[in-house]
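Here the structure comes first, spelled out in structure tokens, and everything after it is commentary.
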Amino acid sequence: MKENPMVKVPLDLNEAFVDRHAETDPLTGAPIADPVLSGMSNAVKLAREQATVLANFEAAALADRTQTPEANLLRIANAAGKTGKRVAVQLDAARTRAKTEIANIQKRTGSPPPPKDSLALAMEAEIRARLANMLPKDRAAAIAKAKAENNETIIAAVLRGPAMLVGMGEAEQNAIKHHYRMRFHAADYARLERLNKAVDAMERPGRLFVSLVRSAEDSPSARLAAINTRAVEEAAAAHAREA
């Protein structure tokens, strides 16, 4: 029984798709270290390397005439399962770390610092009430003026609380939050964008790796080989009991 290779390492299973989102030095063009992004890159690199190891192991096992074809298929399936679990841990850890960092940046840069006293807090509430009572056109003009003047007091009142308290929709509030991050937290905002793009870039290689492992671990041939092996083992056990 000649089996065709099931493990084929796709070109898109490559850390270069993550690396392209790294910050670079404007003078030298060299990547600037970011441990979170590097963690994602390293996880995808591990997936690529281990997929290549698995493909080479599969080729060697299928060519091994000292074992039965069924035994070789089971060796490949077992190796794929172990490889998949080992790499999945690293992929999940890198993704979780990136998501946590993204959430931290979003929280830290979502609005100006909180009021330092009750007077400032009351003023924020008054600003929100005034904005909520304005006509949409007048409210938009007031907020546009605050943005143009970088008026953190008004911007903070708009951002610190549900959008409905100001009489606007969530999409409008998110647009103001976007402006605030770009204006007052430019470096954090740029990093946030890079990390989000890197997480998205990591998804496809991750899915490709999972699919590759499953093709070897749970192929129809591997399942049939497992069934045949169990049948032989059960028959041998039954024969031993009768002997």
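When residue 75 is tested against the conditions (1) at pLDDT 95 or above; (2) open to solvent by 60 Å² or more (accessible area, probe 1.4 Å); (3) of a type outside the set (Val, Ile, Thr); (4) in contact with a helix residue (DSSP H, G or I) (Cβ under 7 Å, 6 or more places away or on another chain), the lone failure is (1). Being in contact (Cβ under 8 Å) with a residue 12 or more places away in the chain and in a helix (DSSP H, G or I) is the requirement here; does residue 41 meet it? Yes, satisfied. Scanning region 28-84 for residues that are among the basic types (Lys, Arg), farther than 30 Å from residue 192 by Cα and under 29 Å from the mean Cα position of the chain (by Cα) turns up just one, 82. Residues that are open to solvent by less than 50 Å² (accessible area, probe 1.4 Å), more than 30 Å from residue 34 (Cβ to Cβ) and basic (Lys, Arg) do occur in region 117-135, at least one of them. The listed residues are 156, 122, 142, and the only one of them that is touching a residue at least 12 places away in the same chain (Cβ under 8 Å), over 21 Å from residue 189 (Cβ atoms), part of a helix (DSSP H, G or I) and aliphatic (A, V, I, L, M) turns out to be 142.
Does residue 70 meet the test of being in a helix (DSSP H, G or I), of a type in the set (Asp, Glu), open to solvent by 50 Å² or more (accessible area, probe 1.4 Å) and modelled with pLDDT under 90? Talk me through it step by step, then tell me what you get.
Working: in a helix (DSSP H, G or I): yes; of a type in the set (Asp, Glu): yes; open to solvent by 50 Å² or more (accessible area, probe 1.4 Å): yes; modelled with pLDDT under 90: yes.
Here the answer is yes, as residue 70 does meet what is asked.
Checking each residue in region 161-204 for being part of a loop (DSSP other than H, G, I, E, B) and either within 15 Å of residue 107 (Cα to Cα) or open to solvent by 40 Å² or more (accessible area, probe 1.4 Å) (or both) picks out 161, 162, 185.
The values are calculated or read from the model by the stated rules, or taken from the named source; none is laboratory data. Note that the coordinates shown come from a computational prediction; the quantities given were computed from them, not determined experimentally. Cβ atoms come from the backbone with ideal geometry, glycine included; neighbour counts cover every protein chain shown. Areas reflect the complete protein model, heavy atoms only, side chains present, ligands, DNA and RNA absent. Shrake-Rupley method; radii C 1.70, N 1.55, O 1.52, S 1.80 Å.
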